[in-house]
Each structure stands twice: as structure tokens, then as C-alpha cells.
1. If you average the sequence gap of Cα pairs under 8 Å that are 6 or more apart and divide by the length of the chain, what percent do you get for the contact order?
2. Cα-based count: Lys pairs in the chain below 23 Å, eight or more positions apart or different chains?
3. If I fit a long axis through the Cα atoms of helix 10-29 and take the longest principal axis of the Cα atoms of the chain, what angle between them do I get, 0 to 90°, rounded to 10?
4. Given Cβ point charges of +1 (Lys, Arg) and -1 (Asp, Glu) and nothing else, what value in debye, to the nearest 20, does the dipole of the chain about its Cα centre take?
5. Could you give the angle, 0 to 90 degrees to the nearest 10, between helix 36-45's Cα long axis and the longest principal axis of the Cα atoms of the chain?
6. Calculate the radius of gyration of the Cα atoms of the stretch 227-287 to one decimal place, then report Dmax, the largest Cα-Cα distance, as a whole number, both in Å.
7. Based on Cα coordinates alone, diagonalise the gyration tensor for the stretch 99-149, multiply each eigenvalue by 5, take square roots, and list the semi-axes in whole Å, largest first.
8. Treating the angle as unsigned and between 0 and 90°, give the value, to the nearest 10°, between the Cα long axis of helix 204-217 and the longest Cα principal axis of the chain.
Amino acid sequence: MSLSVPEPDAAARDLSTRLTARVRAEIDAGGGWIGFDRFMQRALYEPGLGYYSAGSVKLGPEGDFVTAPELSPLLGQILAARMADWLESLVRPVVLELGAGSGALAQSILEAWRETGEAAPAYRIIETSADLKQRQRQRLAAMAAQVEWLDAPPAAPFEGIVLANEVLDALPVARFVKRASRVRPLGVGWRQGRFVWLEGPRDEALSSAVEALERDLGLTLPDGFRSELCLMLPSWLKSVTESLVRGAVLLIDYGLVRREYYHPSRYRGTLTCHYRHRAHADPFLWPGLQDISAWVDFSACADAAQAAGLEVAGFTTQGQFLLHCDAQHRLERLGERDYREYSRALKTLVLPGEMGERFKLLLLRRGLDLEPLPGRDFRDRL
């Protein structure tokens with residue numbers, strides 16, 4: 001193994017071995033190949049065995065990666081103030097958080113609202129991971145009266161906010177390579193005792209999507225160019241927002257606009273894996289034990305939003321958003337010890353070489369007047 005990573009324990013190895021056997025059986029049944037989106041779906045969400053469906057610790061020092069809410073409550077505190085303005089004109093509003101991770105973001109938002117002394121809206125969480133749901137329940141125990149966990153988006157119409165922090169990057173993606181000016185699907189096979197990349201037969205839906213992408217970009221991607229597309233994004237966004245009759249949708253994730261995402265210089269795509277705080281590009285390492293993600297195409301998100309009957313109300317970077325929401329002034333009101341700790345976290349959240357430029361915020365609306373997000377408005381780049 002070329003990567004220097006810690007060995008999993010016996011129980012984790014057994015889980016990975018069982019998941020590998022299931023995926024290999026599907027590959028055999030499919031004639032020796034499956035699409036990468038199918039592999040990613042099973043590696044992350046296979047019941048009882050996938051990364052987000054089994055019981056391993058995922059977030060924080062003992063997990064595989066750290067998200068912004070684990071670094072500091074600042075993001076949640078600032079979001080709470082901004083969201084309060086959005087909710088003000090709504091009747092019996094609901095906040096629906098998708099994939100709430102460790103519960104850190106929900107905690108910081110709810111605590112910020114409690115400190116204002118005003119009644120907080122109902123807070124709902126949809127979480128597919130049993131492990132993360134348990135961590136959320138423990139973390140939010142003191143706020144149990146306000147929080148409810150759902151298995152799916154509410155069927156009944158509601159007003160409020162749909163919030164998704166680092167959710168889009170975990171949606172399964174289809175991978176492709178340009179070969180002799182044609183689009184070839186990149187999928188998964190089994191060779192010499194391990195999963196390997198293999199090109200598959202022509203996929204009409206994928207080919208049409210890449211051709212539409214090239215028309216929009218006004219260029220032909222060069223031979224050998226590899227990347228990914230989240231073909232399920234439009235249907236996913238529609239499903240999680242179709243009951244929202246009036247309100248806002250806030251998507252926060254690391255990503256790019258289309259012309260940057262598919263620039264010829266980014267010819268290997270954006271696929272990223274995390275295992276024990278080591279980032280790498282091998283999605284076949286310990287299936288079920290590592291996170292697999294792809295950067296988000298925010299231009300595709302804007303297109304999907306419009307198709308779902310939503311309007312794009314704002315788009316900016318995390319750094320711009322936090323700095324223009326007086327994050328620094330919040331620090332100055334803290335004691336010396338907290339100031340040092342929060343100051344280090346803020347640098348990670350806002351500096352261009354850290355999370356400040358890589359992470360973006362896309363604000364969508366339906367039937368609600370909203371001001372653009374604080375900071376420089378980058379909607380013209382979408």
C-alpha cells in the first residue's frame with residue numbers, strides 16, 4: 001500500500017471485508033464492471049456496512065476529518081443571527097438540517113438563539129447515519145424539546161429554512177474520461193484481489209450531460225480529461241425542498257463554479273478521500289472505513305435550484321461571509337483564553353489557504369425576500 005495510514009482493528013477489517021464481498025458480487029453480476037456512482041453509494045451508505053451506515057467515529061480528533069462547526073461555534077453563532085432575520089416574517093417556521101454531523105452546528109445555532117431570549121423555531125434533523133444520530137442526541141440532550149429527528153423530508157408543506165453543511169460533497173458522483181473525443185464512463189472492476197478503475201460501455205445519460213457541459217463552457221474537454229458529475233443532484237435538491245412553500249435554502253460546502261471545476265488544468269477531477277485525518281485520492285482503500293467525496297459544482301446547484309422552482313439569492317465564500325458578519329468583533333469580546341482558541345479557529349475558517357476560499361455558501365429562496373449574503377456577491381460567476 002503506497003499510503004502511510006494506520007491499520008484498522010480486526011472488527012473494522014471484518015466490516016470492510018464483508019462490504020468488499022458484496023460489491024464484488026455486484027461487479028460479477030454486472031459482467032465485471034459497475035459505475036463509480038454505484039460503488040460510492042454502497043461504500044458510503046450500504047446498510048450496516050457503509051461509511052455513514054456503520055458505527056465508526058467519523059468526525060473530530062478520533063475520526064477521519066473535522067468540519068467547521070467542530071473547530072468553533074462561530075459559524076453557527078453567525079448563521080443563527082442571519083437566519084433569525086430570514087425567519088422573522090414566517091408563520092410557525094421550521095429549520096430542517098440535512099446531515100447534521102456531530103450536532104455541533106445545531107448546538108451552536110440553538111444556543112445562540114437561547115441567549116437572545118427569543119423563542120427558537122422548531123429544529124428538525126434528517127440523518128442517515130445511526131452513529132451520528134446517536135452523537136447528535138447526546139450533544140443536543142439539553143435541547144431535546146426543540147429538536148426532532150426525521151427519516152425523510154416532511155411531506156406536509158412548511159415554512160422555514162433548509163440547511164445543509166457539507167452534505168452535497170457526499171452525494172454519489174458518476175466519473176468519466178474523454179477518450180478519442182468520446183465520453184467513457186469510469187467505473188470499478190476487480191483485478192488481482194482488489195478494486196480497480198475500469199472504463200465502461202457508453203452511457204447515454206452521462207454522455208449527454210458531459211456534452212451539455214461542454215456546450216455551456218464553450219470548449220471541448222481534452223482527451224484524457226477525467227472528472228465527475230453528480231447526476232442525482234437535481235432530483236435530490238427537488239426532493240429535499242419540494243415541501244418548502246416559503247423560506248430559504250442554505251448550502252455550505254467546498255466547491256467551485258463550473259468553469260473552474262472543469263478547467264483543462266484540473267484534468268484529474270476533484271475526488272477526495274479521508275481516512276484518519278489523511279486526505280488522499282484512492283477510493284478503494286478500506287471500503288466502508290473511509291469518507292469518499294467530490295467537490296461541489298455550484299453552477300450545477302444553481303441550475304438544479306432553478307429547475308426545482310427556487311431562486312438564487314446569494315453566493316459567496318465562507319471567508320467573505322464570516323468577515324463581513326463581524327466575526328472579528330465577536331472575538332474581541334471574549335476573554336484572553338477563549339480569544340486565543342477562537343482566533344486560531346477563525347484563521348482556519350477564513351484564510352484563503354484554509355477553508356476561507358474553498359468553502360462557499362449558496363443561498364436559495366422561495367416566496368421570500370432576502371438580501372444577498374454578506375461579503376462579496378459572486379453570483380455573476382455561477
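1. Once divided by the residue count of the chain, the mean separation gives 18 percent.
2. The number of close lysine pairs in the chain is 4.
3. 60
4. Approximately 860 debye in magnitude.
5. That works out to roughly 50 degrees.
6. Radius of gyration, then largest Cα-Cα span, for the stretch 227-287: 15.6, 43 Å.
7. They are 20, 10, 9 Å, listed largest first.
8. On a 0 to 90 degree scale, this one is about 60.
Each value in this text was obtained by applying a stated rule to the coordinates, not by laboratory testing. These numbers were taken from a predicted model, which means no experiment stands behind them. Note that each Cβ is placed from the backbone with ideal geometry, even for glycine, and that neighbours are counted across all protein chains shown.
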